[in-house]
Structure formats: structure tokens, C-alpha cells
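As C-alpha cells, the structure follows; a few thoughts come after it.
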Amino acid sequence: MCLAVPGRVLDIGEKDGTRMATVDFGGVQKEVCLEYLPDLQVGEYAIVHVGFALQRLDEESAKQTLELFAQLGMLQEEFGDPWEQAAAAGGEPWPFADEPEPETAPEPVLAAPQEEVQP
């Protein structure tokens, strides 16, 4: 599912001639295009869909929506690891969670070639 999610603008810059922002979505930060909201400022909230800020939003509404999405697990669905989500949907545990470091084999010891002694 693809959601339009409220986020708070943390900083604004330009990338390849396009006005971009780092936006916080309840702890997840993403790069977002601001071309549809050219006057959006740092600290303001916007509804973001597929990487584009589409509509300005007041702080209270944004926080309520983010809280509701978090309670419903929709933020994890939207921003979580798709491989982990696929594993969970298939009823399998995520194989890389808390996986111990693989043990390394000791380096082989190379011996100098032995000369054959002729009788």
C-alpha cells in the first residue's frame, strides 16, 4: 500500500536544480521533493506521497495522524524493510535479525617445500 504521510521538514536544499528537503516521518527521515510547495519552510509539516510534498498541514493534525499510523502499524508497512515484511508475510522469521557474526576459519599455515632425500 502507498500512503500519503505527514512529515516535518528538517532542512531544505537543492539537488540537481530541484528544491529538496529532509523530512522526518515519526523517526524515519527521507528526501522529499518540494516543487509542489515551493514556499514550505523548515519546521513546517506537509503531506508527502511517493517522495513529493503535496499539501501543507498543521502540526497538531500531523502528529495525530502519525500517532494513528504508528498504532496501526502503517508506518512500518510504508517505511519498513520490504524483505523483512515479505518474510513475515510468508510466515518465516527474518533471517538476518540478531544473526551472529559468521566464524572465520583460521588462515592455513603454508610450509616450505621439503626436499626429497635420495638414498
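The values are calculated or read from the model by the stated rules, or taken from the named source; none is laboratory data. Just so it is clear, the model here is predicted, and its values are computed rather than measured. Note that each Cβ is placed from the backbone with ideal geometry, even for glycine, and that neighbours are counted across all protein chains shown.
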Within the range 14-48, the residues that are assigned to a strand (DSSP E or B), modelled with pLDDT of 95 or more, among the aromatic types (Phe, Trp, Tyr) and touching a Phe, Trp or Tyr at 6+ places or on another chain (Cβ under 7 Å) are none
If we ask which residues in the range 39-55 are touching an Asp or Glu at 6+ places or on another chain (Cβ under 9 Å) and without any contact (Cβ under 8 Å) to a residue 12 or more places away in the chain, their number turns out to be 0
Taking the range 51-71 and keeping residues outside any helix (DSSP H, G or I) and not aromatic (Phe, Trp, Tyr) leaves Gly51, Ala53, Leu54, Gln55, Arg56, Leu57, Asp58
Restricting attention to the range 14-32, the residues that are farther than 17 Å from Leu3 by Cβ and surrounded by 14 or more Cβ atoms within 10 Å (Cβ to Cβ) number exactly 4
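If you go through the range 65-79 one residue at a time, do you hit one that is polar (S, T, N, Q), at pLDDT 75 or above and closer than 26 Å to Leu3 by Cα? Reasoning before the result, please.
Taking the range 65-79 first, the residues polar (S, T, N, Q) are 65, 71, 76.
Keeping just the survivors that are at pLDDT 75 or above gives 65, 71.
The next check asks that each one be closer than 26 Å to Leu3 by Cα; those that pass are 65, 71.
Yes: one or more hits.
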Q: Please tell me if Leu57 is modelled with pLDDT of 85 or more and surrounded by 12 or more Cβ atoms within 10 Å (Cβ to Cβ).
A: yes
